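Asker: Have a look at this one.
The values are calculated or read from the model by the stated rules, or taken from the named source; none is laboratory data. This is a predicted model, so every value here is computed, not measured. For neighbour counting, all protein chains shown are included, and Cβ atoms are generated from backbone atoms with ideal geometry for every residue, glycine included. Accessible surface is based on the protein model in full, side chains and every heavy atom, while ligands, DNA and RNA are left aside. Shrake-Rupley method; radii C 1.70, N 1.55, O 1.52, S 1.80 Å.
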Amino acid sequence: MSRKKIVAGNWKMNTSLQEAKNLVERITEQINEFDDIIKIIIPPFPYLEAVAGLLSNKANFYSGAQNCHTNPGGAFTGEVSANMLSSVGCNYVLIGHSERRQYFKEKDADFVLKIKEALKHNLHPVFCIGETIHERKTDNHFKIVTEQLTNVLNQFSLEEFSRFVLAYEPVWAIGTGETATSKQAQEMHAFIRSVVTDIYDSTIANNVSILYGGSCNAQNARELFACKDVDGGLIGGASLNADDFCKIIFSF
Ligand code: PGA
C-alpha cells in the first residue's frame with residue numbers, strides 16, 4: 001500500500017449486533033464520500049459480515065478483524081482463520097495488539113504465522129507495536145520497538161511488507177486517558193520509519209502508513225495527525241461514539 005491517511009476504529013469486545021449496525025449507519029451518514037481517508041471499522045467477529053455488507057457500497061470504508069489464528073483451519077475450537085475473515089468480506093486484520101500480547105500471551109512467532117495467513121488471504125495486516133510504561137521509564141522504548149519490528153519484519157519480503165499498515169500504540173496510553181504527546185508520537189513514528197529503512201529501504205519506509213493509537217480522541221487527534229510521520233489513528237474507546245469517531249476523521 002502506498003502511504004495513506006487512515007482512521008481505524010477498534011471496537012474490541014463491545015456492542016450488540018443492533019448497536020453495531022446503528023453505529024455504522026451513524027458514522028457513514030456523516031462522511032463525505034469524496035474524501036481520501038481510508039476508514040476501517042473493526043467490530044467483534046460475529047458482526048463482521050453484517051458490517052462488511054453495510055460498508056460494501058461506501059467509498060473508502062473497509063472492515064477489519066481484531067485477530068486471526070496462526071493456522072489455516074482444523075481442530076482449533078473457538079478460533080477464526082484468515083480464510084474465514086476474507087470469505088465474509090473483511091479487508092484488514094489487527095495483529096500484535098497489546099491486549100493480545102498481554103492477556104493471551106501472544107509472541108512474535110505467533111504474529112509471523114498470523115500475518116502469513118492474513119497475506120495469503122489478501123488481508124492487510126495492521127501490525128501493532130509499542131512499549132509499556134516500565135520500558136519507557138527505563139528508557140528502553142526505542143530498543144523494545146526495534147525488537148518488536150525486526151523480529152517480525154525480518155520474516156517478510158519487501159513485497160509482502162508493502163501490504164502492511166503499522167500502528168504505534170504505547171501500552172501506557174491504551175484505554176488510560178493518557179495520550180502520548182505529539183512530540184513523543186512524532187519522535188517514535190520517525191524512529192519506526194528509520195527501523196523500516198534499515199530492514200528494507202527508505203522508499204518503502206516512506207510509503208508505509210503508521211497509525212498512532214492510545215487514548216486518541218476528538219480533542220487530541222488534530223494535533224497528533226498534524227505530525228509529519230503520523231498517518232492517522234487506531235481508535236479504541238472513542239470509536240464507539242459515532243460523532244467522536246467522525247470528528248477524529250475530520251481532524252486531518
Ligand atoms: P483506546 O484504544 O483508544 O481506547 O486507548 C486504542 C487501541 O487499543 O487500539
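Asker: Is it the case that some residue within the stretch 121-128 is out of contact with any strand residue (DSSP E or B) (no Cβ under 8 Å at 6 or more places or on another chain), farther than 15 Å from Gly214 by Cα and surrounded by fewer than 16 Cβ atoms within 10 Å (Cβ to Cβ)?
Answerer: yes
Asker: Quick check on my filter: what residues within the stretch 108-147 are of a type outside the set (A, V, I, L, M) and within 15 Å of the chain's Cα centre (by Cα)?
Answerer: Of everything in the stretch 108-147, those that are of a type outside the set (A, V, I, L, M) and within 15 Å of the chain's Cα centre (by Cα) turn out to be Phe111, Lys114, His124, Pro125, Phe127, Cys128, Gly130.
Asker: Kindly indicate the residue of the stretch 197-220 that is open to solvent by less than 10 Å² (accessible area, probe 1.4 Å) and under 16 Å from Pro170 (Cβ atoms) and also farthest from the ligand (Cβ to nearest atom) among those meeting that condition.
Answerer: Ile210
Asker: Within the stretch 53-89, restricting attention to residues that are open to solvent by less than 10 Å² (accessible area, probe 1.4 Å) and part of a loop (DSSP other than H, G, I, E, B), which residue is farthest from the ligand (Cβ to nearest atom)?
Answerer: Ser81
Asker: From the residues in the stretch 1-31 that are of a type in the set (S, T, N, Q), part of a loop (DSSP other than H, G, I, E, B) and out of contact with any Cys (no Cβ under 9 Å at 6 or more places or on another chain), which one is surrounded by the fewest Cβ atoms within 10 Å (Cβ to Cβ)?
Answerer: Ser2
Asker: Among the residues of the stretch 175-187, which ones are under 17 Å from the mean Cα position of the chain (by Cα) and either among the charged types (D, E, K, R) or within 17 Å of His97 (Cβ to Cβ) (or both)?
Answerer: Gly175, Ala180 - these are the residues of the stretch 175-187 that are under 17 Å from the mean Cα position of the chain (by Cα) and either among the charged types (D, E, K, R) or within 17 Å of His97 (Cβ to Cβ) (or both).
Asker: Among the residues of the stretch 162-187, which ones are in contact (Cβ under 8 Å) with a residue 40 or more places away in the chain, part of a helix (DSSP H, G or I) and open to solvent by 10 Å² or more (accessible area, probe 1.4 Å)?
Answerer: Val171, Trp172, Ser182, Gln186
Asker: Report the residue count in the stretch 216-252 for those that are of a type outside the set (Val, Ile, Thr), under 22 Å from Ala65 (Cβ atoms) and not in a loop (DSSP other than H, G, I, E, B).
Answerer: Of the residues in that region, 9 qualify.
Asker: When you look at Ala185, is it away from the ligand (no atom under 16 Å from the Cβ) and farther than 22 Å from Lys107 by Cβ, yes or no?
Answerer: Here the answer is no, as Ala185 does not meet what is asked.
Asker: With respect to the numbered conditions (1) out of contact with any strand residue (DSSP E or B) (no Cβ under 7 Å at 6 or more places or on another chain); (2) within 21 Å of Ser209 (Cα to Cα), which one is the sole condition not fulfilled by Gly175?
Answerer: (2)
Asker: Here is a list: Gly237, Gly233. Which entry is open to solvent by 30 Å² or more (accessible area, probe 1.4 Å), within 12 Å of the ligand (Cβ to nearest atom) and touching a residue at least 24 places away in the same chain (Cβ under 8 Å)?
Answerer: Answer to the selection: Gly237.
Asker: Continuing with this model, one more query. So Val80 fits all but one of (1) in contact with a Gly (Cβ under 8 Å, 6 or more places away or on another chain); (2) under 30 Å from Lys105 (Cβ atoms); (3) free of Cβ contacts under 8 Å to residues at least 40 places away in the same chain; what number is the exception?
Answerer: Evaluating Val80 over (1) in contact with a Gly (Cβ under 8 Å, 6 or more places away or on another chain); (2) under 30 Å from Lys105 (Cβ atoms); (3) free of Cβ contacts under 8 Å to residues at least 40 places away in the same chain leaves (1) as the failure.
Asker: Please specify each residue of the stretch 240-252 satisfying the condition of being away from the ligand (no atom under 11 Å from the Cβ) and open to solvent by 10 Å² or more (accessible area, probe 1.4 Å).
Answerer: Answer for the stretch 240-252, where residues must be away from the ligand (no atom under 11 Å from the Cβ) and open to solvent by 10 Å² or more (accessible area, probe 1.4 Å): Asn241, Asp243, Lys247, Phe250, Phe252.
Asker: Quick one: is Glu159 farther than 22 Å from Asn91 by Cβ, free of Cβ contacts under 8 Å to residues at least 12 places away in the same chain, open to solvent by 10 Å² or more (accessible area, probe 1.4 Å) and part of a helix (DSSP H, G or I)?
Answerer: Against the criterion (farther than 22 Å from Asn91 by Cβ, free of Cβ contacts under 8 Å to residues at least 12 places away in the same chain, open to solvent by 10 Å² or more (accessible area, probe 1.4 Å) and part of a helix (DSSP H, G or I)), Glu159 does not qualify.
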